[in-house]
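Worksheet: the structure to be examined is printed underneath.
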Amino acid sequence: MTEESPALYVVPTPLGNLSDMTPRAVDVLRRVAWVACEDTRHSAPLLRHFGVSARLLAAHEHNEEVAARQIVARLNEGESVALVCDAGTPAVSDPGARLVARVREAGFPVVPLPGPCAAVTALSASGLTEPHFLFYGFLPAKARQRETALRELAGAPFASYALVFYEAPHRIVETVGSLLSVFGPQRTLVFARELTKLFETVHVCPLGEAPGWLEADAKHQRGEFVLIVSGALSSLSSLSSADDGEGERVLKLLLDEGLPVKQAAKLAHAITGAAKKAMYDRALQLRE
Ligand code: SAM
């Protein structure tokens, strides 16, 4: 990288399976002069494994501004730097965003490499068909704040979004309890744990059955988790597909969620197959 202009490379690393390191990631790490790591002790073995001899500097959530200045100084010296985190993609529920902003402000290119990310890996195996997803990351640790945050996601604006959360094993039971109390038993919950590792599990169940699944086997509570909750519309859709006469019931639910008349009628038609005009007229009556 000596002849190329200096840049900051944002380099994802495996979530657990070393074979998920991309050839481009290895190539970049071997060519840069410096690797900025969330935890140098954690990343050193990985870098050694791939024959990376770059010098390491620490860039974690408590020193991001200082690390940014060090990185800009290296770039000013004409040396390229790669940024990695402990696992997955930097700046996704991990440090990196502020540092990237500082490097860009200093006028240097930031080059992102695609690669492992727990949220996207879990989504790809979820089987959920929502047209959108919302990546939330970690919920607040305290139950009250967590449930307040979840209630904001339960409303109409996010009805067609799958909701993606990160969770650690010591809070999984509490967090699933909060999901159940806010979203109710009918939505689908996807547990994606230990992705790419020996005990990888992707378990899909109605939210009402999720606490039972966690309790059924102590192993179910271990490891790193991605949790994905289906959108409100998809649970309505699975309910209504069992009964074609449900247009009005679905329409009422959508109006109760605060959707405007036109949108509620359109969605009730799309979900249940009930006549669009009838849904619209009925929605007007219900709103009145
Ligand atoms: N930057 C990472 C990414 O790109 O996914 C996320 C880092 S965040 C500090 C760590 C969280 O990611 C874990 O608590 C867990 O929720 C999720 N995670 C990381 N590795 C995972 C894995 N192998 N299986 C399931 N979830 C994982």
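Worth pointing out:
- Report note on the peptides 112-125, 4-17: ranked by the mean count of other C-beta atoms within 10 Å, highest first, their order is 4-17, 112-125.
- Table column - 3J(HN,Hα) (Hz), the stretch 77-91, Karplus curve with 6.51, -1.76, 1.60, x for Gly and Pro: 7, x, 9, 7, 10, 10, 10, 10, 10, 4, 7, x, 9, x, 6
- Residue-wise HN-Hα coupling along the stretch 13-30, computed from phi with Karplus coefficients 6.51, -1.76, 1.60 (Hz; x: Gly, Pro): 10, x, 7, x, 9, 4, 5, 7, 5, 7, x, 5, 4, 4, 4, 5, 4, 6
- In percent, rounded to a whole number, the relative contact order of the stretch 119-234 is 35, using alpha-carbon pairs under 8 Å and six or more apart.
- With 0.36 nm allotted per residue and the present C-alpha distance subtracted, the ASP217-ASN17 stretch has 69.6 nm of extension available.
- Taking a straight Cα-Cα cut-off under 20 Å and skipping sequence neighbours fewer than 8 places away in the same chain, the aspartates and glutamates within cross-link reach of LYS262 are GLU246, GLU248, ASP281, GLU288.
- Helix 143-154 axis, angle to the chain major axis (alpha carbon atoms, nearest 10°): 70 degrees
- Shown in residue order for the stretch 121-138 are the 3J(HN,Hα) couplings computed by the Karplus curve 6.51 cos²θ - 1.76 cosθ + 1.60 at θ = phi - 60°: 4, 5, 4, 5, 9, 6, x, 6, 10, 4, x, 10, 9, 10, 8, 9, x, 7 Hz (x for Gly and Pro).
- Angle between the chain longest axis and helix 232-241 axis [Cα atoms, degrees, rounded to 10]: 40 degrees
- Whole-number percent relative contact order across the chain, with pairs defined as alpha carbons under 8 Å at least 6 apart: 16 percent
- Ranked by how many other beta carbons lie within 10 Å on average, peptides 218-228, 140-150 from highest: 218-228, 140-150
- Using the Cβ-Cβ distance between THR201 and GLU288 with R0 set to 51 Å, the FRET efficiency works out to roughly 0.55.
- Extension gain, ALA149 to ARG249, is 33.2 nm, computed as 0.36 nm per intervening residue step minus the present C-alpha separation.
- Partners for LYS142 among aspartates and glutamates (Cα-Cα distance below 14 Å; same-chain residues under 8 apart left out): GLU167, GLU174
- Relative to the dominant Cα principal axis of the chain, helix 261-272 is inclined by about 90°.
- The chain, helix-only ellipticity at 222 nm - DSSP H runs n ≥ 4, -39,500 (n - 2.57), divided by all residues, nearest 500: -12500 deg cm²/dmol
- Model label zone, VAL26; criterion: amide N under 14 Å from point 7 Å along Cα-to-beta-carbon; scope the stretch 38-57: 46-53
A short reminder: the numbers here are calculations on the coordinates, not readings from a lab. Every value quoted in this text rests on a predicted model; they were computed, and no experiment measured them. Cβ atoms come from the backbone with ideal geometry, glycine included; neighbour counts cover every protein chain shown.
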